[in-house]
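What follows is a single structure, written as structure tokens, with notes after it.
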Amino acid sequence: MATTVVPTGSTTRPAATRQPAARRLRDEATGRGVVGTLLLYAMLLILSVLILAPLLWMLSTSFKTTGDATALPPEWIPPTPTVEGYTRLFADAQAPLLRWLGNSVLVGVLHTVLVLATASAAAYPLARMRFPGRRLIFALIIATLFVPGFVFLMPNYLIVDGLGWLDSVWALVVPGAASAFGVFFLVQFFQSLPAELEEAALIDGANRWQIFVRVVLPLSRAPLATLGLLSFLGSWNDFLWPLYVLFNPEQLTLPAGLATLRGAYATDFPAVMAGAAIASVPVLILFAFVQRYVIAGVARSGLKG
């Protein structure tokens, strides 16, 4: 009978001895993974509640009576649900809600188009071209991000007044069209594009403008959609600037118009919340269409140093 000789210094252990140790390590790793996953989901749940609570309270208040909206202690579920807030809002001749909504959509779209045009046209040469003072210009653009927006209020007003744009849509669209954040955001993305694509286009005889329009912009749909959404939201939610430059109630945008529903001694909270709920619908629809581009744009551009 053959005899198997095991070397004296061998550290090899039988399989039956190794399996419990491997299983124990796997179980410990699985346990830590389960605990970490549960903590992550718990944090996400808490953040979701904190984010959704104001929206749910807005929607709930819009279906309350005036007395229920100001009752103490407040109640999340309306005791007697009603649509009187929406009825009063649309029946008020002093509050042309649909006109305000149309003004906000028009201003948001025009502002977004101008921001995308100016930011992309400024970001591409800063990211791809080499010329004297390029770094200084980019640094100055970034420096404006640290200046509070309130500082530009009076200079912008004087410029708009000098151009004769007061009480017009151009007073809301043009002043914020030069977006320093948009330039910074797109520069990060343009720098991440492979230079070989542009070199190939140059070899084929394309000039810089053709490369920018036919090569760079089609590859930049995700960051452009992200910047467009952020620009539209900024214009849509703007409250202070329209109050300064618009005087005709019919020219107001939705946030500024809803503020006029607040009286000196009493506020119709159901009507105000109904208007806020209506104002949130276009934004939610827009985000539903561009959310995948937003996620891709942030992952591609926002994480690049």
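The values are calculated or read from the model by the stated rules, or taken from the named source; none is laboratory data. Everything numeric here is computed off the predicted structure, so don't read it as measured data. Neighbour counts run over all protein chains shown; Cβ positions are idealised from the backbone, glycine included. We work out accessible area using only protein heavy atoms, side chains counted, and drop any ligands, DNA or RNA first. Shrake-Rupley method; radii C 1.70, N 1.55, O 1.52, S 1.80 Å.
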Can you name every one of the helices (runs of 4 or more DSSP H) wholly within the stretch 48-130 that holds 1 or more residues which are open to solvent by 70 Å² or more (accessible area, probe 1.4 Å), modelled with pLDDT of 90 or more and closer than 30 Å to Gln188 by Cα?
97-128
Select from the stretch 78-93 the residues that are more than 20 Å from Ser280 (Cα to Cα) and within 32 Å of the chain's Cα centre (by Cα) and list them in ascending order.
Pro78
Is there any pair linking a residue in the stretch 244-263 that is under 13 Å from Gln94 (Cα atoms) to one that is open to solvent by 20 Å² or more (accessible area, probe 1.4 Å) and among the acidic types (Asp, Glu), with Cβ under 7 Å and at least six apart or on different chains, and which?
Asn248/Asp167; Gln251/Asp167; Leu261/Asp268
